[in-house]
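Written out below as structure tokens is the structure these notes cover.
The values are calculated or read from the model by the stated rules, or taken from the named source; none is laboratory data. Since the structure is predicted, the reported quantities are computational estimates derived from the model, not experimental observations. Neighbour counts are summed over all protein chains in view; Cβ atoms, including those assigned to glycine, are modelled from backbone coordinates with ideal geometry. Side chains are part of the model used for accessible areas, which takes the heavy atoms of the whole protein and leaves out ligands, DNA and RNA. Shrake-Rupley method; radii C 1.70, N 1.55, O 1.52, S 1.80 Å.
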Amino acid sequence: SFAANPPDPASSGAPQVDTLEPDPFTEVPAGWFGAGASSLTFEYYGLTFFETPGGFGGNGTDCFSVIASDQMPEPGDDTNNWSMSGLYYSGCRVGTFPATIQFAVDSAVPQQLRDRLPPDSALQFVFDGDRIGVFLDSGD
């Protein structure tokens, strides 16, 4: 039988270091990795997060994705010429589990983010439909 301990909301125990609010000035072209015309967008130290109706390679609802901001196509670019290389992650809500993206802070992430965080750290981003909670495992 399982212990009767209530789960920690951040089951990893990692501290929340930031909360991202939607950025009305960041535009993600409709159709880019499933982004819609009215998808919420968020910026975080060289990363762009955006709401999607579904995830690539997964299922669920209330999905979101992240890419390096410098990989975002320019508004008005021909969709036939869209390309991207490098960091891309997505996550979706499944049942009661929130949409989550997590990754190591390594050479794949923008320098702007690496400059802010300890080496060998990891980040977790939890999307609640309106905001994104940012959690840090500093490797201590």
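List of remarks:
- Members of the range 88-121 found to be open to solvent by 60 Å² or more (accessible area, probe 1.4 Å) and under 17 Å from Q16 (Cα atoms), listed by number: Q102, R116
- Residues in the range 82-127 that are in contact with a helix residue (DSSP H, G or I) (Cβ under 6 Å, 6 or more places away or on another chain) and part of a strand (DSSP E or B): 0 in all.
- From the list A35, A30, A68, the lone residue that is at pLDDT below 85 and either surrounded by 14 or more Cβ atoms within 10 Å (Cβ to Cβ) or closer than 22 Å to L123 by Cβ (or both) is A35.
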